[in-house]
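The values are calculated or read from the model by the stated rules, or taken from the named source; none is laboratory data. Since the structure is predicted, the reported quantities are computational estimates derived from the model, not experimental observations. Virtual Cβ from ideal backbone geometry, glycine too; neighbours counted across all protein chains shown. Heavy atoms of the whole protein, side chains included, go into the accessibility calculation; ligands, DNA and RNA do not. Shrake-Rupley method; radii C 1.70, N 1.55, O 1.52, S 1.80 Å.
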Amino acid sequence: MDMGSISDLPAFAHDAPAKFTVPPAPAWTYAQKVDATPEGCEWVAGEKSGFHGVDPATTDRTKLYALMTSGIVPRPIAFVSSISEDGVENLAPFSWFNMVAPDPPLISFAVRHEPRADGLKDTLRNVLKTKEFTVNIISHAFVENANATAVDAPAEISEWPLSGLTKEPSLKVKAARVKESAFSMECELFQSHDIVHPESGETTSTLVLGLVKYIHVRKDVLNERGLVDPVKLNAVARLGDITYARQGDLFRIPRPTWAANGEVISGLQ
């Protein structure tokens, strides 16, 4: 799909918030084929187009990066706040981010190395030196503010002023959290792992594991169970290229248990 320029696109639909619906195939049963529904039949028909094969060993790394980030979607975004040894406060988004473990509570984000002197982005250099940072979840109300911080500014320039966002003091770490974020985590560096290319021996990225020391959750995004309501959080995700997405229709699918479904599953063996 050719997206054209931004000016050619329809206006953002502020009156179309995320909502819960029934799942795509609410009557699905064990062993039912994908093409048993009209939507599934249309999807399976797409296989007739064939498959395009890609060998990472012989593909340009820039093209491989673009392809993988367009196919591995949606990706949550870590909006990372950090401070340099010289006191420069940095703010930057990273979409190679996720939760790793609940006990101890660990999150991860990966940083690609840059083709410059030490190869390190400001955020990575700060985290490795100070061992502290915050991770803030981005909601659609301030996604443009967050995107602006992806600018390739010099190390001595702080992204906070250009973002229009508000620094809020943290309780456990020196790095500020983003006040506008409804879900923020104060983190300490737990481990860092350099990603070394198996053939060239080049260190191309660093995986950062952060130990969550404190969580800030805005009360108005919590549901009656004390969990974050995804509709109220309205978090955005990264897709390929420069594309973002917000949450649309949400649906709940019960997780199967052997106690309730074991007899039926055994009969399919």
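Things to note:
- Residues that are closer than 15 Å to residue 92 by Cα and either open to solvent by less than 60 Å² (accessible area, probe 1.4 Å) or not basic (Lys, Arg) (or both), drawn from the range 167-178: 175, 176, 177, 178
- Of the set (1) in contact (Cβ under 8 Å) with a residue 60 or more places away in the chain; (2) in contact with a Ser or Thr (Cβ under 9 Å, 6 or more places away or on another chain); (3) of a type in the set (A, V, I, L, M, F, W, C), all apply to residue 221 but (1).
- Looking only at the range 69-85, and only at residues there that are touching a residue at least 24 places away in the same chain (Cβ under 8 Å) and open to solvent by 80 Å² or more (accessible area, probe 1.4 Å), the one that is nearest to residue 114 (Cα to Cα): 85
- Just one of the listed residues (66, 92) is open to solvent by 40 Å² or more (accessible area, probe 1.4 Å), touching an Asp or Glu at 6+ places or on another chain (Cβ under 8 Å) and not hydroxyl-bearing (Ser, Thr, Tyr), namely 66.
- Whichever residue in the range 126-166 is under 21 Å from the mean Cα position of the chain (by Cα), of a type in the set (D, E, K, R) and surrounded by fewer than 19 Cβ atoms within 10 Å (Cβ to Cβ) and, among such residues, is modelled with the highest pLDDT: 144
- Taken over the range 216-228, the criterion of being loosely packed, with under 12 Cβ neighbours inside 10 Å and within 21 Å of residue 105 (Cβ to Cβ) is satisfied by 219, 223, 225, 226, 227.
- Selection status of residue 181, touching a residue at least 40 places away in the same chain (Cβ under 8 Å) and surrounded by fewer than 22 Cβ atoms within 10 Å (Cβ to Cβ): no
- Of all residues in the range 228-251, those that are of a type in the set (S, T, N, Q) have Cβ atoms under 7 Å from Cβ atoms of residues that are open to solvent by 50 Å² or more (accessible area, probe 1.4 Å) and in a strand (DSSP E or B), 6 or more apart or on another chain, in 234/246.
- The residues of the range 234-269 that are over 14 Å from the mean Cα position of the chain (by Cα), of a type in the set (A, V, I, L, M) and surrounded by 11 or more Cβ atoms within 10 Å (Cβ to Cβ), listed by number, are 250, 253, 264, 265.
- Leading residue by the ranking (surrounded by the most Cβ atoms within 10 Å (Cβ to Cβ)) among those in the range 197-214 that are of a type in the set (Val, Ile, Thr) and modelled with pLDDT of 95 or more: 208
- Which listed residue, of 26, 38, is open to solvent by 100 Å² or more (accessible area, probe 1.4 Å) and at pLDDT 90 or above: 38
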